[in-house]
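The values are calculated or read from the model by the stated rules, or taken from the named source; none is laboratory data. Owing to the predicted nature of the structure, the values given are computational and were not obtained by experimental measurement. Cβ placement follows ideal geometry from the backbone for every residue including glycine, while neighbour counts extend to all protein chains displayed.
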Amino acid sequence: MSKQFAVIGMGRVGAALVETLDSLGHDFLGIDCDKERIQDLSAELPGANLIAADATEGTVLRDLGLENFDGAAVVIGNNDQAGVLVTLILKDLNVPLVIARASSRLHARVLDRVGADHVVEPEREFGEFLARRISSPGVLDYLELGHDEAIIEMKVPRKWVGKTLAELHLPREKGLTVLVVKPEGKEGVLPRANESLNEGDVLLVGGLKKVIDKIDT
């Protein structure tokens, strides 16, 4: 079902956002105060709904009807104050989902205080992901679930090859849950306790981050 989203800030993150929303079949409105940037993006994305406007001005977002949108992403670069103000305006308009980009821990706390539904720190999160990839090359992807838990996509560890999930006792001994097993070259399937894991399998595993980070991949 198509939804309608606003993206405020048309830098690299904002441009990637609207391209992806478009590919997913959603309607979107891209907003940036830089007229040249909007012109350049309009040439790259013909037909895209992009406008040049200062979203920090009191009535701009209301005049654009954002109170009727399903959600908005605030990804304004190099201007933390503008990001906070736009987030506050969007929540005052009762936009149901507001996701905001933070440049620092302090900025993230302020965005959270003014009502952002979700705050992302892409640089910090990317740095943490790279650290995990360097230390554990078998980790293919990492998704945080709150402060304590995460889900990872990982190659089956050598110590697990040839063993069944029942033999590994992961939930009982480590607090880990294998959610999906994807055999090499095949689609992922729900795991079966009595089937052996094979070299080349890819697993989706959930659990506490402090335990996941210690998996020897």
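Taking segment 140-183 as the region of interest, how many residues are of a type in the set (D, E, K, R) and assigned to a strand (DSSP E or B)? I'd like the intermediate steps shown before the answer.
Pass one, segment 140-183, residues of a type in the set (D, E, K, R): 141, 144, 148-149, 153, 155, 158-159, 163, 167, 172-174, 182.
Cutting the leftovers down to assigned to a strand (DSSP E or B) gives us 141, 144, 149, 153, 155, 182.
The total comes to 6.
Against the definition (assigned to a loop (DSSP other than H, G, I, E, B), in contact with a strand residue (DSSP E or B) (Cβ under 9 Å, 6 or more places away or on another chain), within 30 Å of Leu17 (Cβ to Cβ) and not aromatic (Phe, Trp, Tyr)), how does Pro137 come out, yes or no? Spell out how you get there, then give the answer.
Working: assigned to a loop (DSSP other than H, G, I, E, B): yes; in contact with a strand residue (DSSP E or B) (Cβ under 9 Å, 6 or more places away or on another chain): yes; within 30 Å of Leu17 (Cβ to Cβ): yes; not aromatic (Phe, Trp, Tyr): yes.
Yes.
Scanning segment 94-116 for residues that are farther than 13 Å from Val75 by Cα and surrounded by 17 or more Cβ atoms within 10 Å (Cβ to Cβ) yields Val95, Val110, Val114.
Among the listed residues Val178, Val156, which satisfies the condition of being surrounded by 17 or more Cβ atoms within 10 Å (Cβ to Cβ), touching an Asp or Glu at 6+ places or on another chain (Cβ under 7 Å) and either at negative phi or basic (Lys, Arg) (or both)?
Values: Val178 fails: touching an Asp or Glu at 6+ places or on another chain (Cβ under 7 Å).
Every option except Val156 fails the conditions.
Within segment 133-151, the set of residues being surrounded by fewer than 14 Cβ atoms within 10 Å (Cβ to Cβ), touching a residue at least 12 places away in the same chain (Cβ under 8 Å) and of a type in the set (A, V, I, L, M, F, W, C) comprises just one member, Leu145. Scanning segment 184-210 for residues that are at pLDDT 90 or above and either outside any loop (DSSP other than H, G, I, E, B) or surrounded by 15 or more Cβ atoms within 10 Å (Cβ to Cβ) (or both) yields a total of 13. Return the residues of segment 166-183 that are more than 17 Å from Lys209 (Cβ to Cβ) and touching a Ser or Thr at 6+ places or on another chain (Cβ under 9 Å); say none if nothing qualifies. Matches in segment 166-183: Glu167 only.
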